[in-house]
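The values are calculated or read from the model by the stated rules, or taken from the named source; none is laboratory data. Just so it is clear, the model here is predicted, and its values are computed rather than measured. Note that each Cβ is placed from the backbone with ideal geometry, even for glycine, and that neighbours are counted across all protein chains shown.
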Amino acid sequence: MINRLVVNGCSYLNHYSQGKGHVDLAQQLNLAFSHSLAYPGSSNNRIIRTTLKDSYTTDQPTLYIIGLSFLNRSELTIGQDTDFEGKWISFQNYINPDKIADFWTDTDSQQVIAHNLKMESYVIKDKLEDLMFKLLAMISNLRQRNHQVVIFRQPDDYYINHLGEERFKFLKNCVNIVDGLSWSSLEFQADKGVKYVPEDHHHPKLIRHPAPGEHQHLNKFLVEYIATHKLL
């Protein structure tokens, strides 16, 4: 029987966790334990890997709540080693020099970022297909081992105009993925009038970070979705 909640994502769910959103959600779902793996700047690969790592290292059936990050975030094993994350560092337009290993230089970072940006607009469908099959494999694996999962898109992203194409139909067919990734938690929360962190005032509305503590609307949606689809 599931009695543990874990949330994972990038800075959006990190802010959510800072405001104890995961604690409140666990209480509403009558789950005794809650934990956050969310980490600012996370790529989707990091989110998937650490979710699976947690699921294999716990003896408690767990409900995972996963908010996906930007599709074009990548990661490299260039960091200073940590017990849980290893040497992986996620990046998109910036790599924090304070977190990289001694063998890696700022010039290396600049070259990798430039190549990543150069490819960005040419590989959207292939990256989305890769993400789709990784998500489906993770969902199947988790469910086979008595875990459960809810996955949703957070920010606006390049791939939303391609979701209706035939090759991505498997996203739509999976109840663990909210509306086949068409549903955006940030758009939903914006429509509800949530407050944002002050430093995000210059960003487009659909990539702003809801302030810690502004989780009531998201949690209400998740509780109803989980109940409707019998995911507990």
Count of the range 153-167 residues which are among the acidic types (Asp, Glu), touching a residue at least 12 places away in the same chain (Cβ under 8 Å) and assigned to a helix (DSSP H, G or I): 0
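Got a sec? Which of ASP59, ASP54, ASP83 is out of contact with any helix residue (DSSP H, G or I) (no Cβ under 9 Å at 6 or more places or on another chain), charged (D, E, K, R) and outside the structural domain of SER185 (by TED's automatic domain parsing)?
On the way: ASP59 fails: outside the structural domain of SER185 (by TED's automatic domain parsing); ASP54 fails: outside the structural domain of SER185 (by TED's automatic domain parsing).
Residue meeting the stated conditions: ASP83.
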Only one of HIS209, HIS217 that is touching a Gly at 6+ places or on another chain (Cβ under 9 Å), under 25 Å from TYR64 (Cα atoms) and surrounded by 14 or more Cβ atoms within 10 Å (Cβ to Cβ): HIS217
Complete set of residues in the range 176-210 that are within 17 Å of the chain's Cα centre (by Cα) and either assigned to a loop (DSSP other than H, G, I, E, B) or under 16 Å from SER17 (Cα atoms) (or both): ASN176, SER182, TRP183, SER185, LEU186, GLN189, ARG208, HIS209, PRO210
Selection within the range 1-38 - under 10 Å from the mean Cα position of the chain (by Cα) and surrounded by fewer than 20 Cβ atoms within 10 Å (Cβ to Cβ): SER11
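In the range 98-109, which residue that is part of a helix (DSSP H, G or I) and exposed (fewer than 11 other Cβ atoms within 10 Å of the Cβ) is modelled with the lowest pLDDT? Spell out how you get there, then give the answer.
Looking only at the range 98-109, we keep the residues that are part of a helix (DSSP H, G or I), and these are 98-99, 106-109.
Next, from what is left, pick out any that are exposed (fewer than 11 other Cβ atoms within 10 Å of the Cβ): 98, 106-107.
Details: ASP98: 91, ASP106: 94, THR107: 96.
Result: ASP98.
Working carefully through the options VAL150, VAL112, find the one that is farther than 17 Å from ASN8 by Cα, in contact (Cβ under 8 Å) with a residue 24 or more places away in the chain and β-branched (Val, Ile, Thr).
Working: VAL150 fails: farther than 17 Å from ASN8 by Cα.
Matching residue, one of VAL150, VAL112: VAL112.
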Those residues of the range 64-89 which are under 19 Å from ASP126 (Cβ atoms) and of a type in the set (S, T, N, Q), in sequence order: SER69, ASN72, SER74
